[in-house]
1. What ranking of 133, 165, 255 emerges when the number of other C-beta atoms within 10 Å of each C-beta is taken as an exposure proxy, fewest first?
2. Along Cα→Cβ, 7 Å out, is where each label goes; now give me the distance between the ones at residue 94 and residue 147 in nm to one decimal.
3. Distance in nm between label sites at residue 235 and residue 83, each 7 Å beyond Cα in the beta-carbon direction?
4. So how do 24, 100 line up by other beta-carbon neighbours within 10 Å, fewest first?
5. What is the gain in length, in nm to one decimal, between residue 11 and residue 74 on full extension, counting 0.36 nm per residue of separation less the C-alpha to C-alpha distance?
6. Say R0 is 22 Å: what FRET efficiency, to the nearest 0.05, do residue 294 and residue 106 get from their beta-carbon distance?
7. Can you sort 144, 138 by how many other beta carbons sit within 10 Å, fewest first?
């Protein structure tokens, strides 16, 4: 009886971790919802970060040609946990990317309104992660928001046919969302101007671009995992204050008027992703506004339900 019970238990763990990966994958595709936050909600964030750090150490051993050390570090990784989570994420990202590309092409302004609401809701949640607010944290958030708002104003359009270097840099930066709760990888791609291009590469299976994106992510993971873990351990509230400022400053490219995504409209014409803010005509206001408020409420509702679920454990 022990062996069948053990197998059932292992299968249950496998399905559970795969399901967690699916939830994280959905979060990583949609700007404003962080895969790291979902991991935190499920209670696996610390375990995920620990295994990611071990993977980074393995990579470091290989780069130093320390193959014995690599084998020793490899044994410490909990693959029964990590692989189902990663596989669940990949399956979801590949499945959802085509739908997202289609929505971005046909409904750019409503999608921007949806994204704006998602990020606004995530900003409120990020604020609640602070132990308390004081003058220092408020100043850090405001300065970060102003600087980021100004920096994003220097980029007037999304990347047109981005080079492989842009894909490398996108992977390098977006991987932070796996490590840092509160930041969405899709959100980072969006403000970099490469969100639609990455989704299109996934949907059309452009393996060269995806390979370069993955290399950037692996290198970013190796460099950032230990650093961000240290920063979170020692300066958690200041890091979150910066995240709040980053989200506030991102309004420059998330604002739906003009479109903050930069895609192709229904007529096949290129939509300019401007960084100068405008106000919509009354005919263009309702749907993005409704979607924005819906997304804002949805993020807060999911967060509330997740907190209640954690309290019951």
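1. Values: 133 13, 165 10, 255 22.
Lowest to highest Cβ neighbour count: 165, 133, 255.
2. About 4.0 nm, to one decimal.
3. 3.9 nm
4. Details: 24 30, 100 21.
With the fewest neighbours first, 24, 100 line up as 100, 24.
5. Details: separation 63, 0.36 × 63 = 22.68 nm, distance 2.28 nm.
Difference between extended and current length: 20.4 nm.
6. On the way: r = 19 Å, r/R0 = 0.85.
Efficiency, from the Cβ-Cβ distance: 0.75.
7. On the way: 144 19, 138 13.
Result, fewest neighbours first: 138, 144.
FYI, it's all coordinate maths here, none of it is from the lab. All values derive from a computational prediction rather than experimental measurement. Virtual Cβ from ideal backbone geometry, glycine too; neighbours counted across all protein chains shown.
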